[in-house]
1. Per residue, what volume in Å³ does the Cα convex hull of region A:1-68 take up?
2. So if a site counts as exposed when it's one of the trypsin sites (Lys or Arg not before Pro), its DSSP state isn't H, G, I, E or B, and it has at most 14 other Cβ atoms within 10 Å, what's the longest stretch of chain E without one?
3. Relative to the compact globular guide of 2.2 N^0.38 Å, what is the alpha carbon radius of gyration of chain A, as a ratio?
4. DSSP loop (so not H, G, I, E, B), at most 10 other Cβ within 10 Å: list which GluC sites (Glu not before Pro) in region A:23-93 pass both filters.
5. Would you mind pulling out the separation of the Cα centroids of region B:1-56 and region E:280-325, in Å?
6. Normalised by the residues of chain B, what does the relative contact order come to in percent, with Cα pairs under 8 Å and at least six apart?
7. Given B:Ala377, B:Ile444, B:Val291, which one lies farthest toward the positive end of the charge dipole of region B:287-494, if we put +1 on the Cβ of every Lys and Arg and -1 on the Cβ of every Asp and Glu?
8. Output the Cα-based Rg and Dmax of region B:362-495 in Å, rounding Rg to one decimal and Dmax to a whole number.
Amino acid sequence: MFDIPANIFPWVKAIVGLALIGALFGAGMAAIWIERKLAGDIQERYGPNRVGPMGLLQLVADAIKLFTKEDIIPARVDKILYIGAPIVIMMSVFLMLVAIPFGAVYINGVEYVLAATQMDISILYIEAVSAIAVIGIFVLGYGQNNKYAMMGTFRNFARMIGYEIPLGITIVSVAVMAGSLDVVEIVHAQSPIWYAFLQPIGFIVFFIAMMADMGRLPFDQNEAEEELQAGVFTEYSGMRFGLGFFAEYFHLILGSFLISLLFLGGWNLPGFVTDNIVLGIILPTLFLIAKATIVMMFIIMMRWAVPRFRIDQVVDLSWKKLLPLSLLNLGWAIALGLYLGA
Amino acid sequence: MLPVLSLIVLIPLLFSAFAFLTKKREQARVVALMGTLITLILTLYMYFSFDSSSAAMQFEELASWIPSLGINYHLGVDGVSMPLILLNAIVIPLLILFTWDDVRSTPNRFYGLILAMQGAVIGVFVSLDFFLFYVFWELTLIPLFFMVNIWGGPNKRHASIKFFIYTHVASLVMLLGIFGLYFAAWDQTGVANMGIAHLMSQFPMIGSGIARDAIFLALLFGFLVKLPIVPFHSWLPDAYAEAPTAGSVLFILLKIAGYGIFRVILPMLPATGTPDMMITILGLLGSVSIVYGAFLALSQKDLKRMVAYSSVSHMGFVALGAAGLVALSISGAMFQQFSHGLIMSIMFMSVGVIQASTGTRIINDLGGLATKMPKLAVIMMLAFMASLGLPGLTGFIAEFMVFTFSYVNVPTFVILALFGVVITAGYHLWAMQRTMFGVYNGKIGEVLDLSNVQTFSMAVIALLVLYFGLNPSPVLDMMITGSNEIVSLMAAMGV
Amino acid sequence: MIPLNWYLALSAIIFSIGLYGFISQKNGIRILMCVELMLNAANINLVAFSSYNDDMSGQVFALFSIALAAAEAAIGFAIMMSIYRMRDAINLDELNLLRW
Amino acid sequence: MSDSNIVYSYIPVAVFLVVSLLMPPMTMLIVKLLSPRSKGAEKYSTYESGSVPTGPARIQFSVEYYLYAIAFVLFDIEVLFLYPWAMIYRGNTGVDTTVAVVEMLVFIFVLLFGYAFLWKKGALKWMKN
Amino acid sequence: MVDLMLLAPEIIVALTGLIVLTIGIFMGSSSKNVLGYIATAGCLAALAMVIGNFNASALMFSDTLSVDPLSQFFKLVFLVVALIVSIASIKYTEDNTDTEIFYALVLFATFGMMFVASANDLMVLFVAFELASIATYALAGFEKKNPRSVEASMKYLLMGALSAALLLMGISFVYGATGTTSIPGIAQNMDVLASNAIGLLAIVLLIAGFGFKIALVPFHMWAPDTYQGSPSVVSALLAAGSKKMAFVAAFKVFIVALLAIQADWRMAFAILAVITMTYGNLVALSQRSVKRMLAYSSIAQAGYISMAFVVLTPMALTGGILYTLSHGFMKAGAFIATAVVVYMVIKEKRDTEIPDHLDNFKGLGKKMPITALCLTVFVLALAGIPPTAGYMSKFILFSSTIQSGMVWLAIIAILNSALSLYYYARLVRYMYAMPHEGEKVSEPVPYVAALLISLVGVMAIGLWPEPFVEIAMQAASVLVGGI
């Protein structure tokens, strides 16, 4: 083997990891398409079906439209905040992406994780950077100087702070059982049984909290077209709107991956051992992607199955139901962790 | 044996608390009279079982109080303090009788404060521990402050605060001196002890003369302001004149400063770095006070202020006698304190009566009172005569002893002071002439003479003035024993 | 390895910004934010020292101080809310019922 | 893991950060090149369902929002203490497990006290009468 | 295993706080008066535990807590203050819907103070310090509808937060230089700090941080406003409890931990003490609000106590420590007396713009004799008139100053005492020499009980100081182990 300086390696990893961003865009497009198609199916109507086969090219058409729309910056907005806010939201998503592992491969018994970087506190890191998005949305709403946006912002704010806590406590419950804050370790720890089965309450709480965190219906009070026009996005149009819109979908995708990683066993295929590198990479990764897709589709379908909650219902759900449940789950996890760890 | 000293301190304080709790004037004055009478009986018992030929402390009580700082509960009396206790114990019941019929606001507080005052003053006299001494010393401030502040004249506010600040600052300076002595003694002996005798015996061992002088001057300052003496006297006329009659009498009975001079200053004096200078200070201030006080008294229009200034003048004798440094001059000074207490009580009571019945105390507005108030006139005249030093009355004995025996050591100051005697005679006679004799001033209207209780209380004091003027030995013997002890202490201290 | 002095310089700068803001600002909330800056400067110090002294207690200390800062901020905002509801102002200049 | 490794594991983070900061402006640059432009004053006015905007948008919102914010700050910080504890309570770093669990139970117990108090006091009620 | 019996006072106080909170929220507002009695009982029980274990000595929780005579003494101080405040508040919180919050905060604040007293580690010290502070911020603003109370609270909070930040920064430097947060550990490694500019920086920050809480001039500006605006019972807690907590913390940090660089901080404390006492007394002279006057007097008293840092002999520390106890009684009592007056003012429906205005004290001697008498004793004690606690403490403190040869400092302090008499005497004059308006007001029993407890404390220390001096000496001996 040729000699590589050790400190080159992370740079290489980073640049390779940038390819992930491209993949993410692809996935985002796919997610939008899936959503529209599913919506059509559920409502017994056609989704996009004119542009290209099964309406696949509709997305390309939309993208072209976004790129060619005029960039309007309304007169009364706070310019710096207006321009900066989508960047902050984007940043949050990308920084989450860095630490999420998408699979692992064993070469000569050594495990190589398919992630842009690996840290021993990755779940804490992910939670931290995902919280930046809240600030982004706050800046977004505040910068527009528009009443609908402002109301959307405050709703967003009330919702996010409510769900951040059960989310954090369930993550701790998972970490307690795995004994690590590293997502990879958590995935390993689920090798025989998924945490979704060991901690069913935690799974449900995490799922709901994650949905709220992503702002998916029934938790999209910050946009609420019927009441607030477009809520936090009221004054945004064209590509600037597109950036925020895409960020939301990215968030959905990454959230689905997180649910799969933390509770659904990640890329683990019990009993699967192979020497074939290609197969070793592809099969677990595909398995993970499949899980994430199912989770995502489930979330998307929820949109058409459940009506939007009122803001007080949202807040009550988190503070009065999820929070005690998550603490209960934490106690369960501690006990279970002691039992299993002993 | 009966802890009689604790009792004469605590009984007034206890009755003071009772008096505060009473609701009506009738109850309050009875409680006050009972308390003071019990104190008087105990004091008389003490006086008759007192051995006036012994220089030692008698009725001594000693209990540990704050051992970690060497502070004890240590009481005792000797010839220096016994006459002063007697004075207080006798005059205060009479004072209460004197005010028996007075109508005033919150009488319960009034009598409570008088009793508290008595307890505190006696406490100072019997304390043999500096800490205890200082506690009682400071405690005397509070009743007097309230006396002036609540029941005083039109300028009461100014007068009370001035009094409070002057004497409090003086006490604090004195406290500094006590601290200095205490720690110097602690360093020398390695034992913390606040006993007065112990600290004074350690005083000459302090190495630096300047340190001794500083300690001495701090203590001296504290006593001289309280005495008071020129130039620290300016609180006195205000406070004395603004106080109600009872308050003025209480001020008169506050002989703690002179007592402090005998008890502490004199024995320490020879051991200071510059004893001669200290004697000069004491003698000079004493004689200046005599003369200057007399001059000021002469220039007063207000009878009460005049009496107040005459008090400054009288206090000069205490300092001068102390500066005489021989046993008999010191005894003279002590006797002056005793005599002054009796005489001035009558004087202030008389002034109080005059003011109450005529509504004024400006000398020029009065005149010919003798015709309308014969009882008052007799008693007051006796007091005036005693005050100016008529032979056969107490004032004469005191002043005579001070002049004669101080001449040995401080002749210059005695000669200076003699001028004061002339002026004293002058203003006393003038004031008496203008108020008592001559034509009755019709503007005053009808006046009432002394009531029976007033006559009784004032007459008793007047008789005492006469009795001790003719036969001073019952108290003078003790004083001479005490003075001899002081002189022998001074001899032992001499460096 | 980043030299310790860099951390200290960073923390000193943040601390100074906070202190300056504390003195110069009039708005209660801004002042509170400035205090948060100062506390965080101290946290940077603690963590940096902890890392360079190879001793964990500094990091634990930082955790506690974060918690305390949060509690303090919570109380602070609660108080400011009640002031705002009463006086319509959180400007310190306008709070003059009690003389400064 | 030594300090230098921590620094290296954050290099990708830095790269992603730079990318995320550059991407939106670059996108907007493309938009600027491609999109048409037409002036019109109305276009730049604030949207308020067609009516003329009145008053500032940054008004004070109902107090419930702030109350929840305060509650959040406190509870979120409590979670902060759970993370380090979760890593060591099973005694793999020489900690006495019983003591660790008891201490955390006391902590959560106190936390629940505060929670019950908030609930009972009505701080978690959106509509206050 | 740690001996939890030694922590029983703290545990009792904390549990009582939680119990009060729980009972309170499940209780109708009509019967909430019982909470005050529960809190009082808790304080009494804790007090009994402290006195029962008075001579205990132990290190707990990996040496982060130390139970020793010093901590026991200050626990005594804090519990006594909490007891007085709890009793008085039975009346104050009557008919209040938030009674349980009030008592819980008082108890939690006391809990924090007690932990400061036994902290043996800067981390514990800081956390406990902040716990007590945060509880008192909320207490200062307890009257949510009273703009003065809230304003007082806000000023207190901002200054308190600043002091916390300065303190933390100072601690971080001490930690950085010595590599430990344990107080004895720092003392051992002090040579590092002594030879380093960081030491000086840390001292400046720490003095400023503690100075705010102690209210040393020039860090005092919050104190008058806060003491004036807060409810009187809370002012009592602040002046008598919170300030003492800062003192014990400063004793531990400076005298135990940073003793090796005493040359650097002694002079600073000397200057601050002199400025503080002089400024406090001078400004107090012109105050018309009694609470504000007491606040300035409190500043001045902080100046006296700070002399203990300058003199630094066992006797001076004994005096300083005894002074904290005496001041606790005197100030708590004085503030509660103003609470009675405020109660009267509200009852008589007078102008409540400044309810504690001097004019409202006119003729108090007749209207409310017990309150007036107690207040008189308290202010005379503050002035240092014998035979009260104030005199006894000043006696030891000032005399120790002379003993160590700092006569100038003693003279300044004594002159200040004389000066302070002026405004104390004025208050007494208003109460006794001025005519009163309105009828005699019956004094509420809880207030009277609290006043009498303070009175007994003040007089007990004044008349029979030996046991108090003894325990203060033991407490001081913990501090001077290193000297």
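The values are calculated or read from the model by the stated rules, or taken from the named source; none is laboratory data. These figures come from a predicted structure and were not determined experimentally. Neighbour counts run over all protein chains shown; Cβ positions are idealised from the backbone, glycine included. Side chains are part of the model used for accessible areas, which takes the heavy atoms of the whole protein and leaves out ligands, DNA and RNA. Shrake-Rupley method; radii C 1.70, N 1.55, O 1.52, S 1.80 Å.
1. Details: hull volume 10.2 nm³, N = 68.
Convex hull volume per residue, Cα atoms: 150 Å³.
2. Working: sites that count: E:Lys145, E:Arg288, E:Lys349, E:Lys440.
Longest stretch, sites excluded: E:1-144.
3. Details: Rg = 20.8 Å, N = 342, 2.2 N^0.38 = 20.2 Å.
Output field value: 1.03.
4. Numbers: sites: A:Glu35, A:Glu44, A:Glu70; in loops: A:Glu44, A:Glu70.
In loop regions of region A:23-93 (DSSP not H, G, I, E or B), the sparsely surrounded GluC sites (Glu not before Pro) are A:Glu44.
5. 38
6. 16
7. B:Ile444
8. Computed over the Cα atoms of region B:362-495, radius of gyration and Dmax are 19.6, 66 Å.
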